[in-house]
Amino acid sequence: MKTKKDPAPSAAQPGRKKRRRRHFSSIWLRLLLLVVALVGVGAALYSALRLMGGTGLAAETATPTPRPTATAKPTPAPTPVPTPQLPDVDVTSWELRLVRDGSPLEDGFVPEQLTDVGDGQTMDGRVAPAMLEMLAAAREAGNPVWVCSGYRSYDTQVIIYQRHIDQYTAEGMTEEEAHAKTRLAVNPPGCSEHQSGLCADVLESSSQPMEPYIGGSGLMLWLEEHCAEYGFVVRYPDGKTPITGVEYEPWHLRYVGKEAAAYMMEHGLCLEEFLALYEE
């Protein structure tokens, strides 16, 4: 039996394979062109949106402009309280009498009525009640109190004044220098407020030194803060020596009346400055 031979490969078969490869290549080329076109359109659209300034994608990707930081307004300073008018007082009255070197008392002056204020000391009877009230308040606030010196007679002032002169001359000072030094702490006889009976030296104890450095603490601080409530002032304030002629003495309390005292202590005035206000 004659076996049928397989037919020889047809020349058409290879041709069909080649046409299939061209078909696939054409598809990939078209897809590539489409992607390129889409990318181009997207880029053009992105650029257009950026030029339009602020919408769509451009607005989302743009860096936000920082807002200015608000500056806090300073708190305005309170309006200063106007200085009150001068107290309506009679500067020629007894409680405002100026007694100092150059403004002496009358010869043989003695207060009309001397009243005990404790520790063997006396004062003018018109001011003693105020002094006793102030001392009681100081003690109630926890301060020890000792009345060192109240009224002093003319003769007593002579002894105290001369004692200072003798001390300074013994240290080598001339008489003139000794008098000048003494006047910073002790007024000459007849010119001392102690003889008027309107003042007193108040310390914490008999051992406390009468030196300026004790001011601003303990009893001295309390007296400075409260003495005006009882009609008293620190007669020789710190920094007023060129005016008063006497060194700072925080222990020396002088009665001037409540209205005058309140004004003087509030405004940092000595008696000389206060009286000068009424001469204008």
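The values are calculated or read from the model by the stated rules, or taken from the named source; none is laboratory data. Predicted model, so just to flag it, every value in this text is computed and none were measured. Here Cβ is always computed from backbone atoms with ideal geometry, including for glycine, and neighbour counts include all displayed protein chains. Side chains included, ligands, DNA and RNA excluded: accessible areas come from the protein's heavy atoms. Shrake-Rupley method; radii C 1.70, N 1.55, O 1.52, S 1.80 Å.
Being within 26 Å of Trp222 (Cβ to Cβ), surrounded by 17 or more Cβ atoms within 10 Å (Cβ to Cβ), at pLDDT 95 or above and not basic (Lys, Arg) is not true of Ala178. Do you know which residues across the range 254-272 are basic (Lys, Arg) and either under 27 Å from the mean Cα position of the chain (by Cα) or more than 22 Å from Trp94 (Cα to Cα) (or both)? Within the range 254-272, Lys258 is the sole residue that qualifies.
Residues in the range 229-253 that are farther than 15 Å from Ala128 by Cα, within 26 Å of the chain's Cα centre (by Cα) and free of Cβ contacts under 8 Å to residues at least 40 places away in the same chain were compared, and the one that is most open to solvent (accessible area, probe 1.4 Å) is Asp238. Across the range 266-280, the qualifying residues are those that are farther than 16 Å from Ile243 by Cα and touching a residue at least 24 places away in the same chain (Cβ under 8 Å), and the one among them that is most open to solvent (accessible area, probe 1.4 Å) is Glu266. Does Tyr263 meet the test of being within 20 Å of Arg97 (Cα to Cα), open to solvent by 20 Å² or more (accessible area, probe 1.4 Å) and in contact with a strand residue (DSSP E or B) (Cβ under 9 Å, 6 or more places away or on another chain)? Here the answer is no, as Tyr263 does not meet what is asked.
Scan the range 110-131 for residues that are buried (at least 17 other Cβ atoms within 10 Å of the Cβ) and over 30 Å from His179 (Cβ atoms) and the total you get is 7.
Residues in the range 201-210 that are in contact with a Cys (Cβ under 8 Å, 6 or more places away or on another chain) and either crowded, with 17+ Cβ neighbours inside 10 Å or not hydroxyl-bearing (Ser, Thr, Tyr) (or both): Asp201, Val202, Leu203, Met210. Filter the range 92-101 down to residues that are in a loop (DSSP other than H, G, I, E, B) and within 16 Å of Arg235 (Cβ to Cβ) and give me whichever is least open to solvent (accessible area, probe 1.4 Å). Checked the range 92-101; the qualifying residue least open to solvent (accessible area, probe 1.4 Å) is Val99.
Just name the residue that is surrounded by the fewest Cβ atoms within 10 Å (Cβ to Cβ) out of those in the range 132-164 that are in a helix (DSSP H, G or I) and of a type in the set (S, T, N, Q). This residue is Gln162. For first residues located in the range 136-151 and under 15 Å from Glu193 (Cα atoms), partners that are open to solvent by 30 Å² or more (accessible area, probe 1.4 Å) and among the β-branched types (Val, Ile, Thr) and lie 6+ apart or on another chain with Cβ distances below 8 Å form the pairs Gly150/Thr122; Tyr151/Thr122. Given the criteria of a type in the set (Ser, Thr, Tyr) and either in contact with a Lys or Arg (Cβ under 8 Å, 6 or more places away or on another chain) or crowded, with 18+ Cβ neighbours inside 10 Å (or both), does Tyr213 qualify? Answer is no for this residue.
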